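Asks: My questions all concern the structure below.
The values are calculated or read from the model by the stated rules, or taken from the named source; none is laboratory data. Small disclaimer: the values here were computed from a predicted structure and weren't measured. A quick note on method: Cβ atoms are made from the backbone with ideal geometry, for glycine too, and the neighbour counts reach across all protein chains shown. Just the protein is used for accessible areas: all its heavy atoms, side chains included, with ligands, DNA and RNA removed. Shrake-Rupley method; radii C 1.70, N 1.55, O 1.52, S 1.80 Å.
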Amino acid sequence: ALPIWETGLNQSPAGHRLWHQRLLGLILALFALGLDQGHKIWMLEVFDIQSRQPVAISPNLDLVLAWNKGISYSLLSSDTETGRWALFALSLSLILVLVVWLWRSGSFAMSSGLGLIIGGALGNAYDRFAYGAVADFFLLHWGSFSWYVFNIADVAIVAGVGLLLYESLALGQKPEAA
């Protein structure tokens with residue numbers, strides 16, 4: 001077996017396809033990261049959501065500012081610097097695993113899904129590095145029942161997981177192991 005950095009270097013159509021898949025994944029990762037961070041800068045610095053919240057967008061969606069010191073649904077939440085950096089290190093480790101999986105991916109759907117997940121994970125990891133917590137803005141609720149506060153990075157991650165599920169279930173292909 002070739003080392004990972006030498007895979008797909010041949011000039012065959014299959015080799016070109018691998019590079020196109022990888023490039024698509026990279027572009028989607030950068031797009032998700034840029035959109036997420038651009039939106040966060042706008043919400044925090046221009047719109048000043050902290051002083052204007054909550055802002056009703058629809059009967060079931062408000063704009064708010066919530067600092068998540070954990071991961072999804074505030075799991076593994078930590079108020080200590082050690083916990084912050086441990087979650088940051090865990091995020092970077094998982095991103096590295098996802099990048100290897102992207103490099104080895106076998107389809108455009110898988111590469112697209114992994115690219116979106118990587119971009120979203122990078123956006124949230126950057127928040128943890130820069131602010132000590134992840135900035136979330138979108139609050140879904142039904143009356144007084146609040147379900148979830150999320151950001152664009154979370155949307156990218158969920159869309160990426162959706163593409164991986166589509167690949168696995170609808171296309172009948174098994175995801176390749178990282």
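Asks: Output the qualifying pairs, or none if there are none: Cβ atoms under 7 angstrom, residues six or more apart or on different chains, first residue in segment 73-87 and under 20 Å from residue 150 (Cα atoms) and among the hydrophobic types (A, V, I, L, M, F, W, C), second residue outside any loop (DSSP other than H, G, I, E, B) and modelled with pLDDT under 80.
Replies: 87/71
Asks: Moving on to the next point. Mind listing whichever residues of segment 79-135 are among the β-branched types (Val, Ile, Thr), within 15 Å of the chain's Cα centre (by Cα) and either surrounded by 14 or more Cβ atoms within 10 Å (Cβ to Cβ) or not in a helix (DSSP H, G or I) (or both)? Before you say what the answer is, go through the steps one by one.
Replies: At the first step, the residues of segment 79-135 found to be among the β-branched types (Val, Ile, Thr) are 80, 82, 95, 97, 99-100, 117-118, 134.
In the following step, the residues that additionally are within 15 Å of the chain's Cα centre (by Cα) were identified as 95, 97, 99, 117-118, 134.
Passing the criteria: 95, 99, 117, 118, 134.
Asks: Being of a type outside the set (Val, Ile, Thr) and part of a strand (DSSP E or B) is the filter here, so list the residues in segment 41-68 that pass it. Lay out the reasoning, then the answer.
Replies: Going through segment 41-68, the residues of a type outside the set (Val, Ile, Thr) turn out to be 42-45, 47-48, 50-54, 56, 58-63, 65-68.
56, 58, 61, 62, 63, 65, 66, 67, 68 - these are the residues of segment 41-68 that are of a type outside the set (Val, Ile, Thr) and part of a strand (DSSP E or B).
Asks: Within segment 150-178, count every residue that is open to solvent by less than 70 Å² (accessible area, probe 1.4 Å), at pLDDT 95 or above and either farther than 30 Å from residue 48 by Cβ or among the β-branched types (Val, Ile, Thr) (or both).
Replies: Total meeting the criteria: 7.
Asks: On the given criteria, is residue 139 assigned to a helix (DSSP H, G or I), crowded, with 21+ Cβ neighbours inside 10 Å, in contact (Cβ under 8 Å) with a residue 60 or more places away in the chain and on the phi < 0 side of the Ramachandran plot?
Replies: It is false that residue 139 is assigned to a helix (DSSP H, G or I), crowded, with 21+ Cβ neighbours inside 10 Å, in contact (Cβ under 8 Å) with a residue 60 or more places away in the chain and on the phi < 0 side of the Ramachandran plot.
Asks: Any idea which residue in segment 36-56 is least open to solvent (accessible area, probe 1.4 Å), counting only those that are without any contact (Cβ under 8 Å) to a residue 40 or more places away in the chain and of a type in the set (Val, Ile, Thr)? Full working, then the answer.
Replies: Just the residues of segment 36-56 that are without any contact (Cβ under 8 Å) to a residue 40 or more places away in the chain, to begin with: 38, 41-42, 45-48, 50-53, 55-56.
Pick out the ones that are also of a type in the set (Val, Ile, Thr) and you get 41, 46, 55.
Values: 41: 91, 46: 101, 55: 35 Å².
Of everything passing the filter in segment 36-56, 55 is least open to solvent (accessible area, probe 1.4 Å).
Asks: I need the full set of residues from segment 135-149 which are modelled with pLDDT under 95 and either under 19 Å from residue 34 (Cβ atoms) or touching an Asp or Glu at 6+ places or on another chain (Cβ under 8 Å) (or both), in order please.
Replies: Within segment 135-149, 141, 149 meet the criteria.
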